[in-house]
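Data first, discussion second: the structure below is written as structure tokens.
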Amino acid sequence: SGGGLPIVPALIIRRDIRATLIESSRKKALFLREALKETKTADRGTVINERFENVPAPAVDYVTCRAIERFEELIPTLLEWAPPASGLLLFGGESLKKPLESAGLVIESQLLRNSERRFLIIARKQQN
């Protein structure tokens with residue numbers, strides 16, 4: 001979850017969404033809980049202070065992740081953990097697409113506004 005971007009602002013603006021924020025850092029998890037409380041979005045956001053691999057995957061449409069060390073190595077673990085019908089929603093550069101495609105994912109990407117190299121990437125498991 002990092003510092004809660006972009007999900008905390010999204011919760012403020014979109015009253016129709018819910019989120020589960022999984023954060024391994026105790027300090028960041030505390031900050032996220034306070035941010036949800038202060039923005040009056042705690043009823044739609046849950047913070048779990050743990051590594052994602054150590055908790056059951058919540059029933060979600062999309063999984064996002066930020067600043068995961070060794071991301072390429074963790075792609076198989078992330079895919080195994082994520083709910084079967086969910087997609088990955090990621091922000092990154094062109095170099096992020098290749099390991100996702102190598103993992104057998106179908107990729108859609110859109111260049112972010114006012115950016116020359118950063119993309120919104122939606123990756124899904126191929127439907128059989």
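Annotations
- Computed on protein heavy atoms with a 1.4 Å probe, the accessible areas place Arg70, Arg18, Arg51 in the order Arg18, Arg70, Arg51, largest first.
- Heavy-atom accessible surface of segment 1-78: percent carbon and sulfur, 1.4 Å: 53 percent
- Listed values [x] 14.9, 44; [y] 21.2, 62; [z] 18.5, 60 include one computed from this model; for Rg and Dmax of the Cα atoms in Å that value carries the label [x].
- Residue among Trp81, Asn54, Ala29 farthest towards the positive dipole end of the chain, charges placed on Cβ: Ala29
- Placing +1 on the Cβ of every Lys and Arg and -1 on the Cβ of every Asp and Glu, with no other charges, gives the chain a dipole of roughly 420 debye about its Cα centre.
- Largest GNM mean-square fluctuation across Glu101, Glu34, Glu116, computed for the chain with C-alpha springs under 10 Å, falls on Glu116.
- Pairwise Lys count, the chain - Cα closer than 30 Å, eight or more residues apart or different chains: 7
- About the centre of its Cα atoms, segment 43-94 shows a dipole size close to 140 debye [charges on the beta carbon of Lys, Arg (+1) and Asp, Glu (-1) only; nearest 20 debye].
- Note that the chain presents 68 Å² accessible area per residue, ligands and nucleic acids not counted, probe 1.4 Å.
- The order of Phe31, Phe119 by accessible area, most exposed first and with a 1.4 Å probe, is Phe31, Phe119.
The values are calculated or read from the model by the stated rules, or taken from the named source; none is laboratory data. Remember, it's a predicted structure, so these values are computed and weren't measured experimentally. Cβ: placed from backbone, ideal geometry, glycine included. Neighbour counts: every protein chain shown. SASA here: full protein model, heavy atoms, side chains in, ligands and nucleic acids out. Shrake-Rupley method; radii C 1.70, N 1.55, O 1.52, S 1.80 Å.
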